[in-house]
Amino acid sequence: MNYSPFLGKTSNYPVDISVKNAFGCHFYDNSGKKYTDLISGIGVSYVGHGHPSVIEAVKKQIDSHMHVMVYGEFDYNSQKQLAQKLISLLGDRFEQIFFTNSGTEANEGAIKLAKRATKRPKIISFTGAYHGSTQGSLSVSGNENRKRNFRPLLPGIEFLPFGDIASLKAIDQDTAAVIIEPVQGDAGVRIPDLEFMKALREACTNTGAVLIFDEIQTGMGRTGKWFCFQHYNTIPDIITLGKSLGGGLPLGGFATSKKLMETLTHNPPLGHITTFGGNPVCCAAGLASILVVENENLMEQVEEKGKLFERLLNHKEIKGFRRIGLMMAIELEDAQKVETAVKNCLDQGVLIYWFLSTPNAFRIAPPLIISNKEIKESCEVILKVLNTI
Ligand code: PMP
């Protein structure tokens, strides 16, 4: 066991690789063994590890300044530039972003904002949802096993079956917010149909409920568009971001209209605050990463690369394949086979990974910079492993 006895942990079975360094789609352990990263630190390192442009931007920012003052008080250039860029990518309905440190904090802020703006008691979420591990986000997450021993959690939460149009009638005048992943990640890449998303938008508009899209995993190009809502033509009232947003450094945020965001400025003033949210170094890395995606035309390649994975991963052990862009769930017969496949791939130097709530599938979500050659080589390893499970 390399894992330090001085570090708190919540798993008795950490993967336990001692990371020496990481570049592009690869990381190396202390013995020099090379791994291909098909997970991106769970959807974080979307322009790969150690991209020179990102490193340069971080170094430049550190030379200039790091944390000077709590979020929202001082004018930081890197924060301002990233916000402006994100708003331009998000489109007209979004006018402001509030930066947080993580995904779950973005959801906490979004839920608070919806409650403050509507003064209503009820929140609706969906079966299979994963929104984070803090109390509010956990409350709106679906997996009962992960919640049972942490009650009481937030009151007034109702869960609807994901993708079921008829159940949307539960959205009513008491509903402050409806929170949904536009493609469910931890549920094993569950993609709702357009009709459902349209009906959801209509139900929220008709009742005045605030529609929150958690795009912490699906955002920043993972699905082949900057944001997943752009596939559906269904625009949420609030979008939450995290994971890739900081280009490898911790950053989250919730974006919405100016009118909605402004409700957090009064009754009480400072309705949501954070010390570190929007850290200038993280914002510099976030902006540099967006520019890498643009300059290297990565977005245009996401769908083709996803298709290549789908085409190559053809094996009798694969019982299901769900994919949007470069976000994939590959179903095997049972959890035991998944565990063996993940472990054996790791031995062979390819990192694929399991889901928290979908034990019979493994996930693939590589950096968007992955080359066709790297895709082919890593799929060969996966296929060889599948022969032996
Ligand atoms: N929402 C979704 C859809 C996620 O995938 C995650 C992280 N897996 C979160 C929220 C929570 O983000 P964080 O771990 O940064 O708090």
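The values are calculated or read from the model by the stated rules, or taken from the named source; none is laboratory data. Just so we're clear, the structure is a prediction, and the values are computed from it rather than from any experiment. Quick reminder, even Gly has a Cβ in these numbers, built from the backbone with ideal geometry, and neighbours come from all protein chains shown. Keep in mind that these areas ignore ligands, DNA and RNA; they rest on the heavy atoms of the full protein, side chains included. Shrake-Rupley method; radii C 1.70, N 1.55, O 1.52, S 1.80 Å.
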Would you tally the residues in the stretch 237-264 being of a type in the set (Ser, Thr, Tyr) and out of contact with any Asp or Glu (no Cβ under 8 Å at 6 or more places or on another chain)?
2
Does any residue of the stretch 249-263 turn out to be assigned to a loop (DSSP other than H, G, I, E, B) and on the phi > 0 side of the Ramachandran plot?
no
Given the residues Phe213, Phe227, which is the only one that is assigned to a loop (DSSP other than H, G, I, E, B), in contact with a helix residue (DSSP H, G or I) (Cβ under 8 Å, 6 or more places away or on another chain) and either away from the ligand (no atom under 11 Å from the Cβ) or open to solvent by less than 10 Å² (accessible area, probe 1.4 Å) (or both)?
Phe227
Going through the stretch 12-30 one residue at a time, which ones are open to solvent by 80 Å² or more (accessible area, probe 1.4 Å) and either over 27 Å from Asp186 (Cα atoms) or in contact with a strand residue (DSSP E or B) (Cβ under 9 Å, 6 or more places away or on another chain) (or both)?
Val19, Lys20, Phe23, Asn30
Could you tell me whether Phe6 is assigned to a strand (DSSP E or B) and not assigned by TED's automatic domain parsing to the domain that holds Gly188?
no
Cross-chain or 6+ apart pairs with Cβ under 7 Å, the stretch 365-389 first and modelled with pLDDT under 95, then not in a helix (DSSP H, G or I)
Ile389/Glu317
Do we have Val47 as under 18 Å from the mean Cα position of the chain (by Cα), part of a loop (DSSP other than H, G, I, E, B), more than 16 Å from the ligand (Cβ to nearest atom) and among the aliphatic types (A, V, I, L, M) here?
yes
With of a type in the set (D, E, K, R) and within 16 Å of the ligand (Cβ to nearest atom) as the only criterion, which of Glu73, Glu95, Glu108 stands out?
Glu108
Being loosely packed, with under 12 Cβ neighbours inside 10 Å and among the charged types (D, E, K, R) is true for just one of Lys9, Lys33, Lys85, Lys80. Which residue is that?
Lys9
